[in-house]
Each structure stands twice: as C-alpha cells, then as structure tokens.
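K.L.:
I'd like to ask some things about the structure below.
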Ligand code: ZN
Ligand code: CU
C-alpha cells in the first residue's frame, strides 16, 4: 500500500506565498498535505496527472454572503467551480446568527431563503452548517446589522442606547466565544446607517479580547470615502482589531480616479495598524435596489424582484420605458428587489487590485435570480483576464492574493499554502486557458480551465462538475487559534 491517499504529479506548484512556480509532486493524506517533493519521487493510491497545470492552494473567497448557501446548496458549485475551498461569510453587516427574532426582514432576506437557517446563537448555526456537510469550508463574521435587529427591533433609525449596545456586545462576545471569527458592519445600509461611530466601536470591543477581525462595508464609498475610511480605521483601533475594508471602490462617475487618494491613504494607515481590503474584479457592484443609487450608476440591471419576477437580468431604463415612468418610479414598483450598478472606473479597479493591501473577494450574492457574474467568475477572471492577459501582476502574486495573504489576514490557520502539514485544499488549473465565462447577460456559468479542486483532501470539482467531496465544515476561531499555537 502506498504511503499517500493522493499524489498530484508533474505539476507546477504556486505555493500561495508568491514564490516563483516550481516543479513538484504534492502528496495528500487524509485531510492534509503530507509532502511536496521533487517530481517523480512520490507514489499514492490515487494519482492525478498535473502535467501543464498549476497546483495552487484552494482559493479563499474573503467576501461572501454564502452563510446559508452552505446549508441549502452544499455542493457550492458556484464557488468550487472557481477553485474556492473556503468562503468567509457574514460580510456587510448581515449574518444568519445570532438572530433572536421570528421574522426575516428585508435586509436578512439578502442571505437567508429559509427561515430555519437562522439561529439564535452562533454555535447552533455552525452545527447546521456542519450537518449539511458542505463541499467547502465556511468561516463566519457576525453582522453588526443583524445585532442591531436583535437589540433594537424595527426602531433602527437612530443610534443605539447604552443598554442596547450592551445587548449587542454580549451577543458578539458569545458568538466569538463559540467560534465566529469577527464582526462585519454595513453602515451604508439603512439598518445601520444611523449608528454612530461610538456605537460600532463599543459593540466591537470583544474583538480585541478574542482576536477577531473587523470588516467594513463603509458608510460611504463615494464623495465622502476618505471620511468613511477614517471612521473605519478608528473603529478598528478602538476595538483592538485588524481591519479589512470590504469591496474597496470609488463609486460614481464624479469619483472616478480617486484611488489616487484612497490607496496612498491605505498605504499610510497600514504603517500604523493592521489594515487590508478586498476587491472584486468588475466595474459593476451589486446589492439591493436603492433609488438613491440610481443617479451614480451609468447602467442598472435588475437581479431579482419578488413582485415582477420577469424583469430579472434586464436594464432598469428599458423597464421604465415600458412602464412609461421614471427609473425611480419603476424601481419603486419592483421593490423589494436587487440590482447591479455600473459605477466604477476600470483603472481604479485595477490599481486597487494591485495594491499591496489587496486580496480577492467575490461579494457574490448566491440566491439572486440573475446574479452578478462575480458569483461564478471572480477568481478565474483575476487569473486569466487580469494576471495572464493584462499582466496586472504575475500569476504567483494573483494566487497569493487569493490564498496565503487572505488566510493570514483572517487568521485561517494552516490554509492558503501548498506546504506539508497544511490542509489539503488544492486548486489545479490550466494557466493557459483559465478564464471566467460568466457574463452580465449569462451569469450562471462555470469557469474554464479549473481542472480539479480538493477541499480537506476530498475532490469537490472535477471534469466540469461537482466531485462528490463533502468534507467542508465551519472553521471555528478557537480551533484555529489552538492549532496556530500547537
Ligand atoms: Zn457590502
Ligand atoms: Cu458584501
């Protein structure tokens, strides 16, 4: 009997650290990488020929809303097909736990399709994820917006009282103790927009104690972005937490080119405190349909509408013309709904992605009828379009921004590198052909060139379809911290 379960032979290893590609065989045993050795030196019960392919760590999607998709849709094809083996959930201030109310409000419905998937505490939620046996791993942030809905009911148009802050802080503290990895806020959204800086900083206090991270969909990504960055940095400092600014962008035509201001500001701040940010590789964003966002977008596509389901995928301008009304009026008639907004400058997107503080996150929204193509395309698009075709950065660096850098910033122990002792999360891809195929017209489409993907030693994607592996689980803060110490 061979010493290893699987040996990936003859590939070029991009080990995740940014080190130059090197030829090696990679052996897996159980859920771990057991050896990385000279080509031809290892033998396994199963061998995968990786000739002409790159052997990379499985990608880490640091910005997702896949909290309950892991339960409802456990093969996670939209992510496994891209080589993603871990998703960080609970971003933008919205998480499926802890949630003590019986109703699912509009904001929570962004990430929850079945009521049974929310949980009163984080431990119960993580147990639901584990019971679903997802193909890939999830790590979970607690949403400040979700905490607000618990503590303040529907009376959210104001900052929280001292007593409400205590309720939120205790819920966060308990969630972190049970395994959540941090807190996210979405001060841009109605559910949290009235919160003061003090409120968020006070609620976030337990992050310092537990070593949790703070991610922020900032209050403003347009005219007032610099102020919003200062606010975010202050919250991180006061909470004693490292910061990841979410989906960094300068939004709206009048703010095009302002990466020249924000990126140097990041560079400066990164010298003082732990700060990084995530970026998705597109000039369009996507979230709920909001009439105050219509003016700043060059084009708006509808991603879903409960009232008028037929409009998914269509241009709001055309819909308004057919309805014989303004875009604003049309938007009102479609609500509740979701939309894609073309509102960024291509040059800004590229300079953000290439900044030393940047990692890749999709921000895909899993339950949209006509989703943003980032849900299925983000990682192959960075590899194929931005790295190979536009040469924005070398392949090794592209991989690093999807793996070891991300794992480091989110404290995901022993993930993100092809190295003995690390988890057997692997993405095997063809560097010559890898590319996204999901488009704004046809967004549900698996990438090309992603050959084989393994998570915790099990094949989760192969030959263009799910591989059957279901060894993913909820990655808990305390387990990862213990393993980092060991
Ligand atoms: Zn967001
Ligand atoms: Cu988001």
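K.L.:
For segment 290-338, what does the equivalent ellipsoid look like in terms of its semi-axes, each the square root of 5 times an eigenvalue of the Cα gyration tensor, given largest first in whole Å? If you can, show how the numbers build up before the last one.
P.N.:
On the way: eigenvalues 40, 28, 21 Å².
Taking √(5λ) for each Cα gyration eigenvalue gives 14, 12, 10 Å.
K.L.:
If you don't mind, another one. For the chain, rounded, prolate or oblate, judged on the Cα gyration tensor with a ≥ b ≥ c (square roots of eigenvalues), a/c < 1.5 rounded, else prolate if a/b > b/c? Please report the intermediate quantities before stating the final value.
P.N.:
Numbers: a/c = 1.59, a/b = 1.34, b/c = 1.18.
Since a/c reaches 1.5 and a/b is larger than b/c, the shape of the chain is classed as prolate.
K.L.:
Please give the calculated 222 nm ellipticity per residue for the chain, where each DSSP H segment of at least 4 residues contributes -39500 (n - 2.57) and the sum is spread over every residue; nearest 500 deg cm²/dmol?
P.N.:
Values: 16 runs with 139 residues, N = 486.
Only helices count here, giving -8000 deg cm²/dmol.
K.L.:
How far apart, in nm, are the 7 Å Cα→Cβ label points at residue 103 and residue 298?
P.N.:
About 4.0 nm separates the two model spin labels.
K.L.:
In the chain, what % of DSSP beta bridges are antiparallel (nearest 5)?
P.N.:
Just about 55 percent of them are antiparallel.
K.L.:
Any idea what angle helix 259-272 forms with the longest principal axis of the chain, computed on alpha-carbon atoms, 0 to 90 degrees, nearest 10?
P.N.:
Taking the Cα atoms of the chain, the angle to 259-272 is about 70 degrees.
K.L.:
Quick one: check the C-alpha center-to-center distance for segment 402-481 versus segment 14-33, whole angstrom.
P.N.:
13 Å
K.L.:
Still on this structure, please answer the following. How much FRET efficiency would the formula 1/(1 + (r/R0)^6) give for residue 133 and residue 163, where r is the Cβ-Cβ distance and R0 is 35 Å, rounded to 0.05? Mind dumping the intermediate values first?
P.N.:
Details: r = 40 Å, r/R0 = 1.16.
Result of the calculation: an efficiency of 0.30.
K.L.:
Plugging the Kirkwood radius over Cα pairs into Stokes-Einstein for segment 335-445, at a temperature of 37 °C and a viscosity of 0.692 mPa s, what D comes out in µm²/s? Intermediate results must be reported in sequence, preceding the final value.
P.N.:
Working: Rh = 15.5 Å.
Rounded to a whole number, D works out at 212 µm²/s.
K.L.:
Kindly put 183, 327, 229 in sequence by how many other C-beta atoms sit within 10 Å of each C-beta, fewest to most.
P.N.:
On the way: 183 32, 327 19, 229 25.
Going from least to most buried by this count: 327, 229, 183.
K.L.:
Taking a ≥ b ≥ c as the square roots of the eigenvalues of the Cα gyration tensor of segment 392-486, is the shape rounded (a/c under 1.5), prolate (a/b larger than b/c) or oblate? Walk me through the numbers before you get to the answer.
P.N.:
Working: a/c = 2.01, a/b = 1.56, b/c = 1.30.
It is prolate, given that a/c is not under 1.5 and a/b is the larger ratio.
K.L.:
To the nearest 0.05, what FRET efficiency results for residue 49 and residue 342 with a Förster distance of 45 Å applied to their C-beta separation?
P.N.:
Working: r = 42 Å, r/R0 = 0.94.
So the FRET efficiency works out to roughly 0.60.
K.L.:
If each residue of separation counts as 0.36 nm, what is the full-extension length gain between residue 354 and residue 329 once their alpha-carbon separation is subtracted?
P.N.:
Length gained between residue 354 and residue 329: 5.1 nm.
K.L.:
Ok, one more. Which length gain, in nm to one decimal place, applies between residue 220 and residue 23 when the Cα-Cα distance is subtracted from 0.36 nm times their residue separation? Before the final figure, lay out the partial values.
P.N.:
Working: separation 197, 0.36 × 197 = 70.92 nm, distance 4.58 nm.
Full extension of this stretch gives 66.3 nm more.
K.L.:
Can you compute log10 of I(q)/I(0) for segment 265-419 with the Debye formula, treating each Cα as one identical point scatterer, at q = 0.14, 0.15 Å⁻¹?
P.N.:
Debye curve over Cα of segment 265-419, log10 I(q)/I(0) at q = 0.14, 0.15 Å⁻¹: -0.78, -0.85.
K.L.:
Tell me the angle of helix 122-131 to the major Cα principal axis of the chain, expressed in degrees between 0 and 90 and rounded to the nearest ten.
P.N.:
Tilt relative to the chain: about 50 degrees.
K.L.:
Helix 225-239 against the longest principal axis of the chain: what's the angle in degrees, Cα atoms only, rounded to the nearest 10?
P.N.:
Helix 225-239 sits at roughly 70 degrees to that axis.
K.L.:
When the Cα centres of segment 52-114 and segment 179-233 are compared, how far apart do they sit, in Å?
P.N.:
20 Å
K.L.:
Test of understanding: extend the Cα→C-beta vector of residue 270 to 7 Å, then name every residue of segment 360-376 with backbone N under 19 Å from that spot.
P.N.:
Once the point is set 7 Å along Cα→Cβ of residue 270, 360-362 turn out to lie under 19 Å by backbone N, inside segment 360-376.
K.L.:
What does the extension gain come out to for residue 120 and residue 478, with contour length at 0.36 nm per residue minus their alpha carbon separation? Write down the numbers at each step before the final one.
P.N.:
Working: separation 358, 0.36 × 358 = 128.88 nm, distance 1.98 nm.
Answer, rounded to one decimal: 126.9 nm.
K.L.:
Where a ≥ b ≥ c are the square roots of the eigenvalues of the C-alpha gyration tensor, would you call segment 1-159 rounded, which needs a/c under 1.5, or, failing that, prolate if a/b is larger than b/c, or oblate? Could you put the intermediate results ahead of the total?
P.N.:
Values: a/c = 3.63, a/b = 2.64, b/c = 1.38.
Here segment 1-159 falls in the prolate category.
No value in this document is a laboratory result; all are computed from the given coordinates. Just so we're clear, the structure is a prediction, and the values are computed from it rather than from any experiment. So basically every Cβ, Gly included, is an ideal-geometry build from the backbone, and we count neighbours across all protein chains shown.
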